[in-house]
1. May I ask you to say which residue of E205, E175 is buried (at least 18 other Cβ atoms within 10 Å of the Cβ) and part of a helix (DSSP H, G or I)?
2. In segment 123-180, which residue that is of a type in the set (D, E, K, R) and in contact (Cβ under 8 Å) with a residue 60 or more places away in the chain is nearest to Q423 (Cα to Cα)?
3. Out of all the residues in segment 285-294, is one or more at pLDDT 85 or above and among the aromatic types (F, W, Y)?
4. In this structure, is L219 in a helix (DSSP H, G or I) and within 24 Å of I282 (Cβ to Cβ)?
5. State all residues of segment 341-391 that are assigned to a helix (DSSP H, G or I), over 30 Å from S409 (Cβ atoms) and aromatic (F, W, Y); if no residue qualifies, say none.
6. What are the pairs with Cβ atoms under 8 angstrom where one residue, in segment 104-116, is under 19 Å from A86 (Cα atoms) and the other, located anywhere, is part of a helix (DSSP H, G or I) and among the basic types (K, R)? Sequence gap at least six, or different chains.
7. Can you confirm whether T118 is part of a helix (DSSP H, G or I), surrounded by 15 or more Cβ atoms within 10 Å (Cβ to Cβ), outside the structural domain of G277 (by TED's automatic domain parsing) and not aliphatic (A, V, I, L, M)?
8. How many of the residues making up segment 223-246 are over 30 Å from F206 (Cβ atoms) and over 22 Å from the mean Cα position of the chain (by Cα)?
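The values are calculated or read from the model by the stated rules, or taken from the named source; none is laboratory data. Given the structure is predicted, the values throughout are model-derived calculations rather than measurements. Because the Cβ atoms are built from the backbone with ideal geometry, glycine has one as well, and the counts that use them run over all protein chains shown.
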Amino acid sequence: MKNFIESFRNVWKIEELKNRILITLGLLLVYRFGAHVTLPGIDATQLHSLAGQTEKGIGSILDMFTGGAFSKASVFALGIMPYISASIVVQLMGIAIPYLQKLQKDGESGRKKLNQITRWLTIGITLLQGPGYIYNLYRTIPSSAFLLGFDSFSFLFSSVLILTTGTIFAMWLGEKITDKGIGNGISLLIMVGILARLPQAFSQEFTSRVTNNNGGLMLLVIEIIIWMLVIIACVLLVMAIRKIPVQYARRTTTGDFEQDMLGGNRQWIPLKLNAAGVMPIIFAQAIMFIPAALAGISESETSKSIASTFSNMFGFWYNLVFALLIIIFTFFYTAITVPTNKMSDDLKRSGGFIPGIKPGLDTSDFLDKVMSLITFPGALFLALIAVFPAIIVSIDVQQSWAMFYGGTSLIIMVGVAIDTIQQINTYLLNKHYDGLMKSGKNRKAVA
């Protein structure tokens, strides 16, 4: 504890790090303020039915990612999710479109062009989602809540324009946090939105257990312990790696490489147990929206049954299909994001090799085999974490509180927290390293 307090003090001693943290907190505060600004022309006091729509089911997921902005008909109601969708589309299109593949290999200039494409695609997606959100408002809240008229074109046009502007502004905030602040700005915006609902969810669970005498304080303590254990499991999942030993040949005075096990430089290749991160859950979640949406078009009993099944995110069949999709997408996303062929070629060009494995194709096949072996348990673990909220609900836990026991929200929170802490540690270590260098020079000068 003493070391933690000392490290916290050291953070504020580094001027650049302190400024970056303050900028990050300030921009996050702006984003949270915007989440409470209701769209012009809507009576904020009549949004109870919209809030009720997002208390359970898929609506709760959308509201969680936007930090409650979705249920408040806020200017940030669509949040940063259109940007996430655009990023996923650009990444997947990079597999099939040669122009995007070329940009991915062009370094910094290619990255800037890809970012620009992503921004324009974000605007396009927002312009499509905006009318859908307004239509949902028409169906959900009373017509008297529309101060400019229920079917006013001026309201529809201005609201879609404001929603689009809100998403672009949120995207700009995320990019500024990445450039001027600390951590990945887009991920931080999502994490802050998720954390914003944590106090309310815990308060509801506390009221249910203690105030209403539904299990008492002891059961609430057990729930918190289980929650902490799940968080630890998520940390292990995010941090777990498989180390592949690598031997680098030693260059002799004649310029030739000598494969000397004693003289070479030994290193290792880190292969992550969960190389796909949270993307398989996001992909699977997007697919799970489709059956309910298509079934809602028809009025038949079968369609209604399908819509009911895939709208209940805590149901058995929903979570079974959800888990299978996560496992499939984990293998798919790992295959397209972990370039074992490129890793093998880079290793060969640098004079490195895996002991007992021939350089080239054999190395690529070996890395691919290892990735397949470690991806399977990683995919199973990720699927278990994703469906764990449905398991915890079965012991009479409030749905809003159960959402923090797994799924996309918990993986995002853990991943972003670890990434941010690592960046802060990097600043602390670099400052400490510079100080040692300076003191060393001073001692040499005195001597």
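1. E205
2. So the residue we want is K180.
3. No, segment 285-294 contains no residue that is at pLDDT 85 or above and among the aromatic types (F, W, Y).
4. Against the criterion (in a helix (DSSP H, G or I) and within 24 Å of I282 (Cβ to Cβ)), L219 does not qualify.
5. Listed by number, the list holds a single entry, F366.
6. Partner pairs satisfying both residue conditions: G110/K102.
7. So T118 fits the description; yes.
8. Total meeting the criteria: 5.
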